[in-house]
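Below: one structure, written as structure tokens.
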Amino acid sequence: MIGNTLSGHAVDLYEDFAAYEDLPPLLRRVLRRARRDYDATVVRQQWWRASRRGIDLREFAVVLIDSWSHDEAEHTYRDYGPLHPEADNHGRRLRPSKAACWTPGKTQ
């Protein structure tokens, strides 16, 4: 059953819930507290690869949170514009998202 789209690809909700349940409690807590919806199947796959390389669970969680916080500032920029206090384009030229409430020529 395809029930939603996330990050530009179709998400099977049953598979996503199963992936969430497969994650260690720390990563489930990270996903629950994230500002955006992230695909648990992707997180599970990334964690599996990281653990195969010998990366510690806490270290992986810190890297994941840092990555998301970096992305969050760019998403805020795209959605709400450069005047938002939490927006940061990290020096890149970013276009507004499709659902943005601002345009480059009209930032107020």
Calculated from DSSP helices alone, with each H run of at least 4 adding -39500 (n - 2.57) and the total divided by the residues of the chain, [θ]222 nm to the nearest 500 comes to -16500 deg cm²/dmol
Just round it to a whole percent: the fraction of Cα-Cα distances in segment 2-80 exceeding 18 Å. 44 percent
Between Tyr14 and Ile55, what is the spin-label point distance in nm, taking each point 7 Å from the Cα along the Cα→C-beta axis? 3.1 nm
Which whole-number percent is the relative contact order of segment 2-80 (Cα, under 8 Å, 6+ apart)? 23 percent
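Any read-out appearing in this document is the output of simple, stated calculations on the displayed coordinates, not a laboratory observation. Predicted model only: the values in this text are computed from it and were never measured. Every residue, glycine among them, receives a Cβ derived from its backbone with ideal geometry; neighbour counts consider all protein chains shown.
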